[in-house]
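These notes are about the structure you will find just below.
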Amino acid sequence: MEHGIIGIRQFTIIVTLFTVGSAILITPSALAIEAKQNAWIAAILGVCTGLLTVYLYRALTKQFPNQTLVEMCEAVFGFFYASTLSFAQIMKMKEARPLHFPLAMILIVLSIISYPNASYFLNFVSKIWFPYALTFGFLLPVCMIGVAVIRKI
C-alpha cells in the first residue's frame with residue numbers, strides 16, 4: 001500500500017470480507033426467519049453484488065487514473081459541484097464550507113420527522129433501503145462511467 005492507495009485486489013478482498021462478515025453477524029436472525037435453510041443464497045447474492053460494485057469502481061479508476069472517488073465525482077459531475085460553489089459566491093461566502101452546517105441541521109430535522117418510531121424505520125429498511133442503496137451503490141457509478149465515456153468522445 002503506497003501513499004494510502006489500495007489496489008483493486010485489496011479492494012475486492014475488503015468488499016468480499018465485509019459482505020461475508022455482515023452476512024454472518026447482522027442478517028442471520030431476520031434472514032433465517034424468511035429464507036430458512038436457503039439463507040446462504042442471500043449471502044452469495046450479496047457477495048456477487050459487492051463484486052459487481054467493485055467492477056464498476058474499477059472501470060471508473062480506469063477512466064480516471066490517479067484520482068480519488070471525490071475527484072472522479074468532481075470531474076464527472078462538475079456542473080453540480082460548480083453550482084454549489086457559485087451559490088456560495090452569490091451569497092458572498094469565501095468558501096462553501098459554511099453551507100455544510102445548515103444543510104446538516106436541515107437533514108437532521110427531516111430525518112427526525114421521517115422516522116418518529118421504530119415501525120417507520122422497519123418499513124424503510126425492508127422496502128425502501130434496497131432501492132436507495134442500489135441507486136447510490138450501483139447506478140451512480142454506472143452513470144459516472146457513461147458520462148466519462150461521452151466526455152471522451
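The values are calculated or read from the model by the stated rules, or taken from the named source; none is laboratory data. The shown structure was predicted, so the numbers you read here are calculated from the model rather than taken from an experiment. Note that each Cβ is placed from the backbone with ideal geometry, even for glycine, and that neighbours are counted across all protein chains shown.
Odds and ends about this structure:
- Applying the condition of being assigned to a helix (DSSP H, G or I) and of a type in the set (D, E, K, R) to the stretch 56-100 and asking which residue is modelled with the highest pLDDT yields Lys62.
- Matching residues, the stretch 48-67, being charged (D, E, K, R) and within 11 Å of Ala148 (Cβ to Cβ): Lys62
- Residue ID - modelled with the highest pLDDT, chosen from residues in the stretch 1-55 that are among the small types (Gly, Ala, Ser) and not in a helix (DSSP H, G or I): Gly7
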